[in-house]
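Written out below as structure tokens is the structure these notes cover.
No value in this document is a laboratory result; all are computed from the given coordinates. These figures come from a predicted structure and were not determined experimentally. Cβ sites come from the backbone with ideal geometry, for glycine too, and all protein chains shown count toward neighbours.
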Amino acid sequence: MQSVDRFEPLFRPQSIAVVGASRKKHKLGHVLTANIIGAGYRGKLLPVNPEAEEILGLTAYRSCADLPEQPDLGIVIVPREHVIRALEDLGKAGAGAVLVITAGFRETGREGFELEEKMSRIATRWGFVLMGPNSLGLINTSQNLNASIAGQVPPKGNIGFFSQSGALCSAILDWSTGENLGFSKFLSLGNKAGISEADALEAMGDDPDTSVIIGYLESVDNGREFMRVAQRVTEKKPVIMIKAGTTQAGARATSSHTGSVSGSLEACRAAFSQSGIIQVDDIESLFDIARAFSCQPLPEGHSLTVVTNSGGPGILAADACEQAGLHLATPASETVEALRKSLPAYASLYNPIDIIGDAGADRYRATLEAVAKDNMTDSIMVMLTPTASAQIPETAQAVIDVAKTSDKPMFACFMGDQRVSPGRDMLLNAGIPCYAYPEPAVRALAAMVRHKRWRNRPWPVEVCFRRDKGKAEKLVNRAMKIHLPELPQPQAFEMAMAYELPVPETKLARTSEQAVKAAKKIGYPVALKIVSPHIKHRSGLDAVVLDLQTPQEVRTAFREITNRVMCLRPGAYISGCLVQSMGPAHAREVKIRLRQDSQFGPMVGFSMAGPAADILGDEVWRLAPLTLQDAQEMVREIRSYPLLRGVRGQAPVNFGALEDMVMTVSQMADDFPNIRDAELNPVLIDEHEALVADLRLTVG
């Protein structure tokens, strides 16, 4: 991680050397130089071109060695084969930062990758900050700096944006100009040979001109470092991200685009959730939410009052509120009395407040003034449909006037197009987010509520569980030493016991007679389960028999299981059967998983056992190590949570025991990064206890 002071030459350079500046208008070196001049850059601009004496009215220099002063920022926009030499020359010239626009590196294959690695080593040796390659450039509106090859400069504002995609930056710049959305910083990170997404996030987190940070990510180079920075930044500023490359097709496209490896969707969601980042799934939501944060105060709570001139849109807003976890406020009695005096008798005085389709601007103003004073309301949404009686500009002005006198966040939803556009423009210019539909407005408000809760959350509680780490190390090291990809089942249960995970009494039987003896020692009833390193899912082979009550049943079950598996899987090595005491009679079955992500490290997953997770995807993931709050949230976030809470007279499960088990798996993940995959399935849980009935551990 780079010191924030080191970014000064990049974001606020007093002098810029453009290596590859050109007199030819079709060349990118000309476009870049013209953009810097056109934006009104106030520092010294030093074009470097061995074949020119003057470029765009500026004295050109044959090489970096001829520069009259040490440049703060060097920009490289020469063919790929000349980039390394340009970096060396800028390093010798004393540049504090270097921005590489040139493409054709990591994303093109091995040779490009090696060149990019060499660039990183040069930057380290000379001590300059490196951004790129394959970058569109950067924009700092507070400095009138457009050091990019983009055709437009966004309006000044308080939103900082960074992206790995230069083309997406160009599209967003064009869109922001039309939408009059203001930016403070605009960074195209390119291949991230130097500055990473964590660096960009930290720099914008400490930037006084930036109040909201948004970003487009394709990959994260150091997931843990990114989370650490994000947790610090989100304590003071909202961070909104869209993560691409989370499907197989997207991951392949990511690799060909920037040469990066994309992590899993579950890992990314977990990382964002645990570090306070607001994740969105599309570009439209990214900017809908950013606009709200950029111009409205954070709500004190989750209660919303909707004022509308039409019942249908009000119902849509109410539905959107419930789906987003917001609450429609109940107006105070004083508010209801004030509304009764100013509204027609047939108006709806309760939330959503329907002031009827013939409402003019005065009726909106009176209603909003009453609602703004109501302490039961945390935020207000004003909805307008263009009825024949609607006074659109006048209503927009009423909203603006009331918003100026209130500290509550104010949102508008002017539904329609041509007729409402003047009012919508007035609201946007006044800093009031205005949407065409209620759903994006509610999503934006819900994001603000979540960010407020994040900032006010209790200090996380970390728990260290007792375990025999020495015994666990011996088990893992033994498997690694003999190149066993998976711990044999008996050793897997020993691993569980080393971490004091409760397991049923279990014995390995290699013959039917051994199974009978083990069952007698354990005590009836018992269960039998096939043991084979080549079989991951026993249920598909009917390789588990439960509730065996007699020696003859055990003997028969052993023979049937082993014969069936030998017929169905003739190549599988069979170690025998596990003989296990039966778990609680009416226990519910859950699954706890551990796996490694390429970008964020160990993850812990929780779900109900069976099709809920495997087919319906009802599974929740967090990155280890977990806090107590993480574990509590995980067991309550799955859609199947009511089954654990108890239905049809069932008692709720022992949530404390379940959370302890989730936390223990997190401890195991933190202790042993070489555990690649683990699955506790099923875990039997009732109102008294939780038992690990089966366990698989893969190492490597």
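Here is how the numbers come out for the structure above:
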| item | result |
| --- | --- |
| Per-residue ³J(HN,Hα) for the stretch 568-579, Karplus 6.51 cos²θ - 1.76 cosθ + 1.60, θ = phi - 60°, Hz, x for Gly and Pro | 7, 10, x, x, 7, 7, 10, 7, x, 10, 7, 9 |
| Burial ordering of E689, E116, E54, fewest other beta-carbon atoms within 10 Å first | E54, E689, E116 |
| Computed P(r) (all Cα pairs; the stretch 588-699; 10 Å bins; percent) | 15, 50, 30, 5, 0 |
| The chain: angle of helix 265-274 to the longest principal axis, Cα-based, in degrees nearest 10 | 70 |
| Largest to smallest principal axis extent of the C-alpha atoms in the stretch 456-572, angstrom | 58, 34, 32 |
| Karplus 3J(HN,Hα) series, Hz, for the stretch 605-615 with 6.51 cos²θ - 1.76 cosθ + 1.60 (x for Gly, Pro) | x, 9, 6, 6, 6, x, x, 4, 8, 5, 10 |
| Listed residue pairs exceeding 21 Å between alpha carbons, taken from K156/K185; K24/K92; K156/K192; K27/K243 | K24/K92; K156/K192; K27/K243 |
| Relative contact order (%) - the chain, alpha-carbon pairs under 8 angstrom, separation at least six | 8 |
| Calculated diffusion of the stretch 365-498, Stokes-Einstein form, Kirkwood radius summed over Cα pairs, 4 °C and 1.567 mPa s, µm²/s | 66 |
| On Cα atoms only, tilt of 166-179 relative to the major axis of the chain in degrees | 60 |
| Acute angle (nearest 10 degrees) that the helix 628-637 long axis makes with the longest principal axis of the chain, alpha-carbon atoms | 80 |
| Cβ-placed point charges (K, R +1; D, E -1), dipole of the chain about Cα centre in debye, nearest 20 | 1580 |
| Ratio Rg/Rh [Cα only; Rh per Kirkwood] for the stretch 97-229 | 0.97 |
| At 1.567 mPa s and 4 °C, Stokes diffusion of the stretch 4-292 via Kirkwood alpha-carbon radius, µm² per second | 68 |
| Which of M410, L548, A447, positive extreme of dipole for the chain (C-beta unit charges) | L548 |
| Residue among C434, P50, P352 farthest towards the positive dipole end of the chain, charges placed on Cβ | P50 |
| Fewest-first sequence of K192, K481 by Cβ atoms within 10 Å of each Cβ | K481, K192 |
| Neighbour-count ranking [beta-carbon atoms within 10 angstrom, fewest first] of H483, H327, H30, H534 | H483, H534, H327, H30 |
| Sorted largest first, extent of the chain alpha carbons per principal axis (Å) | 96, 81, 41 |
| Long-range HN-HN contacts of A193 with modeled amide H, under 5 Å | G132 |
| Summed residue charge, Cβ within 14 Å of N309's Cβ, Lys/Arg positive, Asp/Glu negative | -1 |
| 17 Å Cα-Cα reach of K25 towards aspartates and glutamates, excluding residues that sit fewer than 8 places from it in its own chain | E51, E53, E54 |
| DSSP bridge pairs, the chain: antiparallel proportion in percent, nearest 5 | 50 |
